[in-house]
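I have placed the structure first, in the form of C-alpha coordinates, so that the comments after it can refer back to it.
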(Lines give C-alpha, C1' and ligand atoms only; values in the text may rest on other atoms or scores of the structure.)
Protein backbone atom coordinates (compact mmCIF):
# COMPACT_ATOMS: atom_id res chain seq x y z
CA UNK A 1 0.00 0.00 0.00
CA UNK A 2 2.69 2.40 1.08
CA UNK A 3 4.81 1.39 -1.89
CA UNK A 4 1.94 2.06 -4.25
CA UNK A 5 1.34 5.44 -2.69
CA UNK A 6 5.04 6.29 -2.94
CA UNK A 7 4.99 5.26 -6.52
CA UNK A 8 2.03 7.45 -7.28
CA UNK A 9 3.53 10.40 -5.40
CA UNK A 10 6.80 9.94 -7.26
CA UNK A 11 5.04 9.78 -10.63
CA UNK A 12 2.99 12.85 -9.72
CA UNK A 13 6.12 14.71 -8.68
CA UNK A 14 7.91 13.93 -11.90
CA UNK A 15 4.81 14.75 -13.95
CA UNK A 16 4.59 18.14 -12.25
CA UNK A 17 8.30 18.67 -12.77
CA UNK A 18 8.00 17.78 -16.43
CA UNK A 19 5.00 20.09 -16.74
CA UNK A 20 6.96 22.97 -15.19
CA UNK A 21 9.92 22.23 -17.44
CA UNK A 22 7.67 22.18 -20.50
CA UNK A 23 6.07 25.47 -19.44
CA UNK A 24 9.51 27.01 -18.96
CA UNK A 25 10.79 25.68 -22.31
CA UNK A 26 7.71 26.76 -24.23
CA UNK A 27 7.71 30.08 -22.39
CA UNK A 28 11.33 30.72 -23.30
CA UNK A 29 10.57 29.71 -26.88
CA UNK A 30 7.65 32.12 -27.02
CA UNK A 31 9.76 34.88 -25.51
CA UNK A 32 12.49 34.20 -28.05
CA UNK A 33 10.00 34.28 -30.90
CA UNK A 34 8.47 37.45 -29.52
CA UNK A 35 11.93 38.98 -29.24
CA UNK A 36 12.75 38.04 -32.82
CA UNK A 37 9.43 39.44 -34.03
CA UNK A 38 9.93 42.68 -32.11
CA UNK A 39 13.45 42.96 -33.51
CA UNK A 40 12.17 42.24 -37.04
CA UNK A 41 9.35 44.78 -36.72
CA UNK A 42 11.82 47.32 -35.34
CA UNK A 43 14.13 46.85 -38.33
CA UNK A 44 11.21 47.11 -40.76
CA UNK A 45 9.97 50.21 -38.98
CA UNK A 46 13.40 51.85 -39.15
CA UNK A 47 13.71 51.00 -42.85
CA UNK A 48 10.25 52.43 -43.46
CA UNK A 49 11.25 55.66 -41.70
CA UNK A 50 14.37 55.92 -43.88
CA UNK A 51 12.25 55.52 -47.03
CA UNK A 52 9.69 58.04 -45.74
CA UNK A 53 12.52 60.52 -45.15
CA UNK A 54 13.72 59.96 -48.73
CA UNK A 55 10.19 60.59 -50.00
CA UNK A 56 9.98 63.82 -48.02
CA UNK A 57 13.38 64.89 -49.34
CA UNK A 58 12.30 64.04 -52.91
CA UNK A 59 9.20 66.24 -52.47
CA UNK A 60 11.32 69.10 -51.14
CA UNK A 61 13.75 68.72 -54.05
CA UNK A 62 10.90 68.59 -56.57
CA UNK A 63 11.75 65.09 -57.84
CA UNK A 64 8.81 63.14 -56.43
CA UNK A 65 6.40 63.59 -59.34
CA UNK A 66 7.11 61.38 -62.40
CA UNK A 67 7.92 63.14 -65.66
CA UNK A 68 7.47 60.24 -68.07
CA UNK A 69 6.72 56.51 -67.89
CA UNK A 70 6.69 55.29 -64.28
CA UNK A 71 5.68 52.26 -62.17
CA UNK A 72 2.33 52.25 -60.39
CA UNK A 73 2.22 49.84 -57.44
CA UNK A 74 -1.16 48.44 -56.40
CA UNK A 75 -1.06 48.27 -52.56
CA UNK A 76 -3.86 45.68 -52.56
CA UNK A 77 -1.68 43.23 -54.47
CA UNK A 78 1.84 44.15 -53.32
CA UNK A 79 3.39 41.73 -50.78
CA UNK A 80 6.40 43.90 -50.00
CA UNK A 81 8.98 41.36 -51.19
CA UNK A 82 11.22 44.17 -52.52
CA UNK A 83 12.05 42.33 -55.74
CA UNK A 84 11.22 45.55 -57.58
CA UNK A 85 13.64 47.53 -55.39
CA UNK A 86 16.48 45.11 -56.05
CA UNK A 87 15.78 44.93 -59.78
CA UNK A 88 15.94 48.69 -60.42
CA UNK A 89 19.44 49.71 -61.58
CA UNK A 90 18.66 53.40 -60.96
CA UNK A 91 18.05 52.75 -57.23
CA UNK A 92 15.87 54.86 -54.91
CA UNK A 93 13.03 54.89 -57.44
CA UNK A 94 10.98 52.46 -55.33
CA UNK A 95 11.10 51.74 -51.59
CA UNK A 96 9.19 49.68 -49.01
CA UNK A 97 7.04 51.40 -46.37
CA UNK A 98 5.04 49.33 -43.90
CA UNK A 99 5.36 46.24 -46.07
CA UNK A 100 4.20 47.88 -49.31
CA UNK A 101 6.09 49.20 -52.32
CA UNK A 102 5.96 52.99 -52.82
CA UNK A 103 7.45 55.51 -55.24
CA UNK A 104 10.36 57.48 -53.83
CA UNK A 105 12.06 59.40 -56.62
CA UNK A 106 9.79 58.90 -59.61
CA UNK A 107 11.25 61.70 -61.73
CA UNK A 108 14.53 59.76 -62.00
CA UNK A 109 12.79 56.74 -63.52
CA UNK A 110 13.98 56.18 -67.11
CA UNK A 111 11.42 53.51 -67.89
CA UNK A 112 13.47 50.37 -68.52
CA UNK A 113 10.72 48.37 -66.77
CA UNK A 114 12.96 46.15 -64.64
CA UNK A 115 10.58 46.51 -61.67
CA UNK A 116 7.59 45.62 -63.83
CA UNK A 117 9.16 42.34 -64.91
CA UNK A 118 10.60 41.52 -61.45
CA UNK A 119 7.35 41.72 -59.45
CA UNK A 120 6.31 38.13 -58.60
CA UNK A 121 2.65 39.00 -57.94
CA UNK A 122 2.10 41.39 -60.89
CA UNK A 123 1.37 44.33 -58.61
CA UNK A 124 3.12 46.84 -60.90
CA UNK A 125 1.75 48.47 -64.02
CA UNK A 126 3.43 51.17 -66.11
CA UNK A 127 1.67 54.51 -66.38
CA UNK A 128 2.23 57.88 -67.98
CA UNK A 129 0.87 61.13 -66.63
CA UNK A 130 -0.60 61.70 -63.16
CA UNK A 131 -3.89 63.06 -61.84
CA UNK A 132 -2.32 66.53 -61.75
CA UNK A 133 0.05 66.36 -64.72
CA UNK A 134 -1.25 65.22 -68.07
CA UNK A 135 0.86 63.98 -71.00
CA UNK A 136 0.09 64.54 -74.67
CA UNK A 137 -0.25 61.21 -76.50
CA UNK A 138 -1.13 60.56 -80.14
CA UNK A 139 -4.05 58.29 -81.06
CA UNK A 140 -2.71 54.87 -82.07
CA UNK A 141 -4.71 51.65 -82.62
CA UNK A 142 -3.66 48.08 -81.85
CA UNK A 143 -1.85 47.91 -85.20
CA UNK A 144 0.16 51.06 -84.31
CA UNK A 145 -1.68 53.05 -86.98
CA UNK A 146 -2.78 56.62 -86.23
CA UNK A 147 -6.03 58.30 -87.23
CA UNK A 148 -4.22 59.20 -90.47
CA UNK A 149 -4.42 56.04 -92.65
CA UNK A 150 -0.96 54.83 -93.61
CA UNK A 151 0.85 56.75 -90.87
CA UNK A 152 2.12 54.61 -87.98
CA UNK A 153 3.78 55.30 -84.61
CA UNK A 154 6.03 53.00 -82.57
CA UNK A 155 8.16 53.39 -79.46
CA UNK A 156 8.57 56.27 -77.05
CA UNK A 157 6.42 58.70 -79.04
CA UNK A 158 3.41 56.54 -78.26
CA UNK A 159 4.27 56.64 -74.55
CA UNK A 160 6.14 53.34 -74.19
CA UNK A 161 9.75 54.30 -73.56
CA UNK A 162 11.03 50.83 -72.63
CA UNK A 163 13.78 49.83 -75.06
CA UNK A 164 12.67 46.21 -75.12
CA UNK A 165 9.08 47.20 -75.88
CA UNK A 166 10.11 49.84 -78.40
CA UNK A 167 12.08 47.18 -80.28
CA UNK A 168 9.09 44.86 -80.26
CA UNK A 169 6.73 47.64 -81.36
CA UNK A 170 9.00 48.59 -84.27
CA UNK A 171 8.96 44.98 -85.45
CA UNK A 172 5.19 44.55 -85.04
CA UNK A 173 4.40 47.88 -86.69
CA UNK A 174 6.48 46.92 -89.72
CA UNK A 175 4.70 43.56 -89.95
CA UNK A 176 1.37 45.42 -90.00
CA UNK A 177 2.67 47.86 -92.59
CA UNK A 178 3.82 44.99 -94.79
CA UNK A 179 0.27 43.63 -94.88
CA UNK A 180 -1.13 46.96 -96.14
CA UNK A 181 1.36 47.67 -98.95
CA UNK A 182 -0.33 48.21 -102.32
CA UNK A 183 2.02 47.43 -105.22
CA UNK A 184 -0.04 49.67 -107.53
CA UNK A 185 0.85 52.85 -105.64
CA UNK A 186 3.92 54.56 -107.09
CA UNK A 187 6.36 56.04 -104.59
CA UNK A 188 10.10 56.33 -103.93
CA UNK A 189 9.81 53.84 -101.05
CA UNK A 190 7.20 51.51 -99.62
CA UNK A 191 7.76 52.90 -96.15
CA UNK A 192 9.74 55.82 -94.77
CA UNK A 193 11.01 55.27 -91.21
CA UNK A 194 11.57 58.51 -89.33
CA UNK A 195 13.82 58.02 -86.31
CA UNK A 196 16.68 55.60 -85.68
CA UNK A 197 16.22 54.83 -82.01
CA UNK A 198 15.23 51.38 -80.69
CA UNK A 199 11.88 51.29 -82.56
CA UNK A 200 13.30 52.73 -85.78
CA UNK A 201 16.27 50.36 -85.92
CA UNK A 202 14.05 47.36 -85.21
CA UNK A 203 11.57 48.47 -87.88
CA UNK A 204 14.40 48.93 -90.39
CA UNK A 205 15.72 45.44 -89.73
CA UNK A 206 12.23 43.97 -90.09
CA UNK A 207 11.62 45.91 -93.32
CA UNK A 208 14.87 44.52 -94.70
CA UNK A 209 13.85 41.01 -93.69
CA UNK A 210 10.49 41.38 -95.45
CA UNK A 211 11.97 42.76 -98.64
CA UNK A 212 10.32 46.18 -98.41
CA UNK A 213 11.72 49.27 -100.12
CA UNK A 214 12.47 51.64 -97.26
CA UNK A 215 14.57 54.55 -96.09
CA UNK A 216 15.42 55.50 -92.51
CA UNK A 217 16.01 59.11 -91.48
CA UNK A 218 17.44 60.33 -88.17
CA UNK A 219 17.67 63.99 -87.18
CA UNK A 220 20.60 63.27 -84.90
CA UNK A 221 22.78 60.14 -84.74
CA UNK A 222 21.81 56.48 -84.76
CA UNK A 223 20.42 55.58 -81.35
CA UNK A 224 18.05 58.52 -81.07
CA UNK A 225 17.31 59.40 -77.45
CA UNK A 226 19.64 56.63 -76.23
CA UNK A 227 22.55 58.32 -78.03
CA UNK A 228 22.24 61.36 -75.73
CA UNK A 229 22.37 59.36 -72.48
CA UNK A 230 25.58 59.44 -70.40
CA UNK A 231 28.07 56.90 -71.72
CA UNK A 232 27.89 54.38 -68.88
CA UNK A 233 24.16 54.73 -68.22
CA UNK A 234 22.28 51.42 -67.92
CA UNK A 235 19.63 51.49 -70.64
CA UNK A 236 18.48 47.89 -70.95
CA UNK A 237 17.83 45.40 -68.19
CA UNK A 238 16.19 42.39 -69.81
CA UNK A 239 16.74 40.22 -72.92
CA UNK A 240 15.01 41.09 -76.20
CA UNK A 241 14.61 39.82 -79.76
CA UNK A 242 16.13 41.97 -82.49
CA UNK A 243 15.17 41.29 -86.13
CA UNK A 244 18.12 40.15 -88.19
CA UNK A 245 20.04 39.17 -85.08
CA UNK A 246 17.87 37.07 -82.78
CA UNK A 247 17.86 36.86 -79.01
CA UNK A 248 19.93 39.48 -77.21
CA UNK A 249 20.82 38.03 -73.84
CA UNK A 250 22.65 41.09 -72.54
CA UNK A 251 21.40 42.48 -69.22
CA UNK A 252 22.54 45.59 -67.32
CA UNK A 253 23.56 46.91 -70.72
CA UNK A 254 25.11 50.37 -71.00
CA UNK A 255 24.44 52.96 -73.67
CA UNK A 256 27.85 52.33 -75.24
CA UNK A 257 27.35 48.57 -75.43
CA UNK A 258 23.90 48.91 -76.97
CA UNK A 259 25.03 51.44 -79.60
CA UNK A 260 27.92 49.17 -80.59
CA UNK A 261 25.51 46.25 -80.97
CA UNK A 262 23.12 48.27 -83.14
CA UNK A 263 26.00 49.44 -85.33
CA UNK A 264 27.15 45.85 -85.78
CA UNK A 265 23.67 44.54 -86.64
CA UNK A 266 22.84 47.33 -89.12
CA UNK A 267 26.19 46.89 -90.88
CA UNK A 268 25.74 43.12 -91.09
CA UNK A 269 22.28 43.63 -92.62
CA UNK A 270 23.54 46.39 -94.95
CA UNK A 271 21.16 48.99 -93.58
CA UNK A 272 22.07 52.62 -94.07
CA UNK A 273 20.76 55.21 -91.65
CA UNK A 274 20.55 58.72 -93.14
CA UNK A 275 21.71 60.71 -90.10
CA UNK A 276 21.44 64.44 -89.39
CA UNK A 277 18.32 64.69 -91.51
CA UNK A 278 15.38 66.37 -89.83
CA UNK A 279 11.89 66.09 -91.30
CA UNK A 280 10.20 69.45 -91.69
CA UNK A 281 6.77 68.42 -92.94
CA UNK A 282 4.65 65.43 -93.97
CA UNK A 283 1.79 66.00 -96.43
CA UNK A 284 -0.70 63.58 -97.97
CA UNK A 285 -0.64 63.25 -101.75
CA UNK A 286 -3.03 60.82 -103.51
CA UNK A 287 -2.72 57.62 -101.40
CA UNK A 288 0.88 58.39 -100.49
CA UNK A 289 2.93 60.83 -98.42
CA UNK A 290 5.39 63.51 -99.43
CA UNK A 291 8.04 63.98 -96.77
CA UNK A 292 10.05 67.21 -96.85
CA UNK A 293 13.36 67.51 -94.97
CA UNK A 294 15.07 70.66 -93.74
CA UNK A 295 17.83 69.95 -96.27
CA UNK A 296 15.32 70.45 -99.07
CA UNK A 297 14.98 66.76 -99.92
CA UNK A 298 11.55 65.42 -100.92
CA UNK A 299 10.73 61.73 -100.49
CA UNK A 300 7.49 60.04 -101.54
CA UNK A 301 6.39 57.07 -99.44
CA UNK A 302 3.36 54.81 -99.44
CA UNK A 303 3.54 54.45 -95.64
CA UNK A 304 5.27 56.40 -92.88
CA UNK A 305 6.45 55.07 -89.52
CA UNK A 306 7.19 57.68 -86.87
CA UNK A 307 9.73 56.47 -84.30
CA UNK A 308 11.07 59.86 -83.30
CA UNK A 309 10.78 59.69 -79.53
CA UNK A 310 9.11 62.24 -77.29
CA UNK A 311 12.00 64.63 -76.65
CA UNK A 312 11.89 66.09 -80.12
CA UNK A 313 14.47 68.71 -81.02
CA UNK A 314 16.81 70.41 -78.51
CA UNK A 315 15.34 73.65 -77.16
CA UNK A 316 17.39 76.66 -78.31
CA UNK A 317 18.12 79.93 -76.52
CA UNK A 318 17.39 82.02 -79.63
CA UNK A 319 20.21 84.48 -78.93
CA UNK A 320 22.72 86.05 -81.34
CA UNK A 321 25.64 83.76 -82.11
CA UNK A 322 23.85 80.51 -81.26
CA UNK A 323 24.59 79.29 -84.78
CA UNK A 324 28.37 79.38 -84.24
CA UNK A 325 30.23 76.07 -84.60
CA UNK A 326 31.37 76.18 -80.97
CA UNK A 327 27.75 75.77 -79.75
CA UNK A 328 26.47 72.22 -79.15
CA UNK A 329 23.40 70.58 -77.58
CA UNK A 330 25.06 67.32 -76.56
CA UNK A 331 28.45 66.26 -75.26
CA UNK A 332 30.48 63.71 -77.20
CA UNK A 333 33.82 62.31 -76.06
CA UNK A 334 34.40 64.69 -73.10
CA UNK A 335 37.78 63.09 -72.49
CA UNK A 336 39.08 64.81 -75.65
CA UNK A 337 38.18 68.30 -74.38
CA UNK A 338 40.91 69.80 -72.20
CA UNK A 339 42.05 73.22 -71.08
CA UNK A 340 39.02 75.07 -72.48
CA UNK A 341 36.83 77.90 -71.18
CA UNK A 342 33.39 76.30 -71.31
CA UNK A 343 29.88 77.56 -70.64
CA UNK A 344 27.21 74.98 -69.79
CA UNK A 345 23.62 76.27 -69.89
CA UNK A 346 20.89 74.48 -67.95
CA UNK A 347 19.99 73.27 -64.49
CA UNK A 348 18.64 69.76 -65.10
CA UNK A 349 20.37 66.43 -64.60
CA UNK A 350 21.85 66.43 -68.12
CA UNK A 351 23.43 69.86 -67.63
CA UNK A 352 24.79 68.92 -64.22
CA UNK A 353 26.20 65.55 -65.28
CA UNK A 354 27.93 67.02 -68.32
CA UNK A 355 29.27 70.04 -66.45
CA UNK A 356 30.83 67.70 -63.88
CA UNK A 357 32.39 65.59 -66.64
CA UNK A 358 33.96 68.68 -68.23
CA UNK A 359 35.13 70.28 -64.98
CA UNK A 360 37.94 67.77 -64.43
CA UNK A 361 40.05 69.12 -67.29
CA UNK A 362 38.47 72.50 -68.11
CA UNK A 363 37.32 75.84 -66.69
CA UNK A 364 33.55 75.48 -66.49
CA UNK A 365 30.86 78.07 -65.87
CA UNK A 366 27.33 76.77 -65.25
CA UNK A 367 24.47 79.15 -66.06
CA UNK A 368 20.95 78.49 -64.81
CA UNK A 369 18.00 80.86 -65.16
CA UNK A 370 16.41 79.88 -61.82
CA UNK A 371 17.61 80.96 -58.40
CA UNK A 372 18.20 77.38 -57.22
CA UNK A 373 18.22 73.82 -58.55
CA UNK A 374 14.94 71.94 -58.97
CA UNK A 375 14.08 68.28 -59.63
CA UNK A 376 17.69 67.06 -59.52
CA UNK A 377 18.66 63.51 -58.69
CA UNK A 378 19.97 63.52 -55.09
CA UNK A 379 23.39 62.27 -56.19
CA UNK A 380 23.71 65.01 -58.81
CA UNK A 381 22.65 67.65 -56.28
CA UNK A 382 25.34 66.53 -53.82
CA UNK A 383 28.02 66.38 -56.52
CA UNK A 384 27.28 69.80 -58.00
CA UNK A 385 27.10 71.48 -54.58
CA UNK A 386 30.52 70.01 -53.73
CA UNK A 387 31.94 71.17 -57.07
CA UNK A 388 30.62 74.71 -56.51
CA UNK A 389 31.87 74.83 -52.92
CA UNK A 390 35.37 73.74 -54.01
CA UNK A 391 35.27 76.26 -56.90
CA UNK A 392 35.68 73.46 -59.38
CA UNK A 393 32.68 74.94 -61.20
CA UNK A 394 31.68 78.61 -61.34
CA UNK A 395 27.94 78.77 -60.71
CA UNK A 396 25.70 81.61 -61.92
CA UNK A 397 22.09 81.33 -60.76
CA UNK A 398 19.38 83.66 -62.13
CA UNK A 399 21.48 84.21 -65.24
CA UNK A 400 20.82 84.20 -68.97
CA UNK A 401 22.93 84.29 -72.10
CA UNK A 402 22.66 87.61 -73.98
CA UNK A 403 25.05 86.91 -76.86
CA UNK A 404 27.52 84.23 -77.95
CA UNK A 405 30.64 85.48 -79.74
CA UNK A 406 33.75 83.85 -81.20
CA UNK A 407 35.98 84.29 -78.16
CA UNK A 408 33.55 85.17 -75.37
CA UNK A 409 29.94 85.14 -74.12
CA UNK A 410 27.89 88.08 -72.84
CA UNK A 411 25.94 87.06 -69.73
CA UNK A 412 23.07 88.77 -67.91
CA UNK A 413 23.73 88.15 -64.23
CA UNK A 414 21.73 89.14 -61.15
CA UNK A 415 23.06 92.69 -60.84
CA UNK A 416 25.18 93.22 -63.93
CA UNK A 417 26.14 92.25 -67.45
CA UNK A 418 29.46 90.43 -67.77
CA UNK A 419 31.57 89.24 -70.68
CA UNK A 420 33.39 86.00 -69.93
CA UNK A 421 36.10 84.24 -71.98
CA UNK A 422 34.67 81.28 -73.85
CA UNK A 423 35.70 78.62 -76.34
CA UNK A 424 32.78 76.15 -76.15
CA UNK A 425 29.09 76.40 -75.25
CA UNK A 426 26.93 73.40 -74.35
CA UNK A 427 23.18 74.02 -74.08
CA UNK A 428 20.99 71.56 -72.15
CA UNK A 429 17.68 73.39 -72.00
CA UNK A 430 15.47 70.38 -72.62
CA UNK A 431 13.68 69.33 -75.77
CA UNK A 432 10.68 70.62 -77.66
CA UNK A 433 7.95 67.99 -77.85
CA UNK A 434 6.93 67.18 -81.43
CA UNK A 435 3.25 67.93 -80.69
CA UNK A 436 2.94 70.72 -83.28
CA UNK A 437 4.69 68.57 -85.88
CA UNK A 438 2.23 65.71 -85.27
CA UNK A 439 -0.83 67.98 -85.36
CA UNK A 440 0.37 69.52 -88.61
CA UNK A 441 0.60 66.01 -90.07
CA UNK A 442 -3.06 65.47 -89.09
CA UNK A 443 -2.53 63.20 -86.08
CA UNK A 444 -4.99 63.59 -83.20
CA UNK A 445 -3.43 64.31 -79.79
CA UNK A 446 -5.08 63.72 -76.40
CA UNK A 447 -3.79 64.74 -72.97
CA UNK A 448 -3.72 61.64 -70.75
CA UNK A 449 -3.85 61.68 -66.95
CA UNK A 450 -2.56 58.55 -65.20
CA UNK A 451 -2.96 56.47 -68.36
CA UNK A 452 -1.95 52.80 -68.06
CA UNK A 453 0.52 51.93 -70.81
CA UNK A 454 1.32 48.36 -69.82
CA UNK A 455 -0.17 45.91 -67.35
CA UNK A 456 0.21 42.16 -66.97
CA UNK A 457 -3.40 42.07 -65.86
CA UNK A 458 -4.61 43.57 -69.12
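The values are calculated or read from the model by the stated rules, or taken from the named source; none is laboratory data. In this text the structure is predicted, and so the values were computed from the model without any measurement. When we count neighbours, we look across all protein chains shown, and the Cβ atoms used for this are built from the backbone with ideal geometry, even at glycine.
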Check residue 454 against each of (1) touching a strand residue (DSSP E or B) at 6+ places or on another chain (Cβ under 7 Å); (2) more than 30 Å from residue 121 (Cβ to Cβ) and name the one condition it does not meet. (2)
How many residues does the range 110-156 hold that are in contact with a helix residue (DSSP H, G or I) (Cβ under 7 Å, 6 or more places away or on another chain) and in a helix (DSSP H, G or I)? 4
Can you tell me which condition residue 107 does not meet? The list is (1) outside any strand (DSSP E or B); (2) surrounded by fewer than 18 Cβ atoms within 10 Å (Cβ to Cβ), and all the others hold. (2)
One residue from 98, 76 being at pLDDT 65 or above, surrounded by fewer than 10 Cβ atoms within 10 Å (Cβ to Cβ) and farther than 30 Å from residue 385 by Cβ: 76
Output the number of residues of the range 51-64 satisfying the condition of being out of contact with any strand residue (DSSP E or B) (no Cβ under 8 Å at 6 or more places or on another chain) and either at pLDDT 75 or above or part of a helix (DSSP H, G or I) (or both). 7
Among strands (runs of 3 or more DSSP E) completely within the range 206-268, the ones holding 2 or more residues that are at pLDDT 70 or above are 214-217, 240-242, 246-248
With the condition kept exactly as written, say whether any residue in the range 178-186 is touching a residue at least 60 places away in the same chain (Cβ under 8 Å) and part of a helix (DSSP H, G or I). yes
Out of all the residues in the range 359-367, is one or more on the phi > 0 side of the Ramachandran plot and either modelled with pLDDT under 95 or not assigned by TED's automatic domain parsing to the domain that holds residue 55 (or both)? no
